[in-house]
């Protein structure tokens, strides 16, 4: 079987998936349209069955297996969404599966995978990262003969995930005008796509270059795991060390051997976004647009404001997925506030004398500053240990005045930088 993926493969996958997946809506975001000064449309794959585009690739691959291959069962590794797609596909097709998940997979996803797959699916927690879970899954495949269902680096997976593009090009078309001219009347100017291993980006790029070659194609990956950026800089896939797993659905330490050349040859740009910006966008999507996403689902819309040069024509952002664990919202808010410059942390040593704390409250803090954390670092000896103090500002510009007051204060105050190892315990 050839490893080359073309638009014909994607069209065939769309036909295969026609009775399985939902044609997800394309909604205009008034918030982002106002910010960019042009229409910004959201391809709502968070409303897909299993709340992610991953089902498209998983079903395309598993449904293409022969009867004898299906009898062997399948095995996969996933941070969560691919596993949900595999579990759903196995239920439809009656195929047994073992799903390997890293310890970072949220409980909500683990429970949903098991509920979706039922007795046909066994979940195994292995390793701290997707890549470690993948190594365990591959070892299982070699030992048992079960078919490994790759989340991105298989031509069938790429073709299935590329069917997102088939829907977008159809939804951005005026049906009456197409009947007369056979051409799109309002083509996508810029398409923004999240990147993990590159399967979705490779698939949609293949379709768009064949059907809308003038569309600018942009991939987005998190700063804590910029594996596609590293591959492009190195001339091929290389293994990186992920430094932040907040965007766990797109935290892949090595992109695919099949996806890399497609992205290299067909995609215009890769944007790297900070995890704090993703957290802020998640909150905006929820509070303004009424859309619940996990961190990976907000990658594309986070990058929309960073597009350079200014987009021409409509912008489409793929929003996927929507499997967010509500228990993580405290972390999301924390990351957003730190990124926006509204929350800061300090080590404050208070002398053991009357009025020290009162001085800090009256002379150091500003009128709108609020203490959100106060905790002695050395709990066994509070007399000599500093206190970790978290301060939230009304606006980011208030920080300069706060730092000046701290500098002139007789108290010993040390700022904890956002990139300090200590900050990891705060988020």
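The values are calculated or read from the model by the stated rules, or taken from the named source; none is laboratory data. Keep in mind that this is a model prediction, so the values were computed, not measured. Cβ placement follows ideal geometry from the backbone for every residue including glycine, while neighbour counts extend to all protein chains displayed.
At-a-glance table
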read-out	value
Residue selected from the stretch 228-258 under the condition in a helix (DSSP H, G or I), in contact with a helix residue (DSSP H, G or I) (Cβ under 9 Å, 6 or more places away or on another chain) and without any contact (Cβ under 8 Å) to a residue 60 or more places away in the chain, by the criterion surrounded by the fewest Cβ atoms within 10 Å (Cβ to Cβ)	232
Residue in the stretch 159-166 that is surrounded by 17 or more Cβ atoms within 10 Å (Cβ to Cβ), touching a helix residue (DSSP H, G or I) at 6+ places or on another chain (Cβ under 8 Å), in the same structural domain as residue 263 (by TED's automatic domain parsing) and not in a helix (DSSP H, G or I) present	yes
Residues (closer than 14 Å to residue 56 by Cβ and over 19 Å from the mean Cα position of the chain (by Cα)) located in the stretch 119-159	149, 154, 155, 156, 159
Complete set of residues in the stretch 114-137 that are part of a helix (DSSP H, G or I) and touching a strand residue (DSSP E or B) at 6+ places or on another chain (Cβ under 6 Å)	114, 133, 134, 136, 137
Selection status of residue 364, over 21 Å from residue 52 (Cα atoms), in contact with a strand residue (DSSP E or B) (Cβ under 9 Å, 6 or more places away or on another chain) and at pLDDT 95 or above	yes
Close pairs (7 angstrom Cβ cut-off, 6 or more residues apart or separate chains): within 30 Å of residue 92 (Cα to Cα) in the stretch 15-42, in a loop (DSSP other than H, G, I, E, B) anywhere	21/48; 22/48; 24/48; 42/29
Residue that is nearest to the chain's Cα centre (by Cα) [pool: residues in the stretch 284-295 that are surrounded by 17 or more Cβ atoms within 10 Å (Cβ to Cβ) and assigned to a helix (DSSP H, G or I)]	295
Residues satisfying the stated conditions in the stretch 57-98, i.e. under 18 Å from residue 142 (Cβ atoms) and touching a strand residue (DSSP E or B) at 6+ places or on another chain (Cβ under 7 Å)	65, 69, 72, 73, 74, 75, 76, 77, 97, 98
Enumerated helices (runs of 4 or more DSSP H) restricted to the stretch 1-94, each holding at least 3 residues that are within 24 Å of residue 195 (Cβ to Cβ), modelled with pLDDT of 95 or more and in contact with a helix residue (DSSP H, G or I) (Cβ under 9 Å, 6 or more places away or on another chain)	7-17, 30-36, 54-63, 81-93
Hits in the stretch 99-112 - residues which are at pLDDT below 95, within 14 Å of residue 82 (Cα to Cα) and touching a strand residue (DSSP E or B) at 6+ places or on another chain (Cβ under 7 Å)	110
Residue list for the stretch 259-278, restricted to those being assigned to a loop (DSSP other than H, G, I, E, B) and either outside the structural domain of residue 193 (by TED's automatic domain parsing) or within 16 Å of residue 218 (Cβ to Cβ) (or both)	267, 268
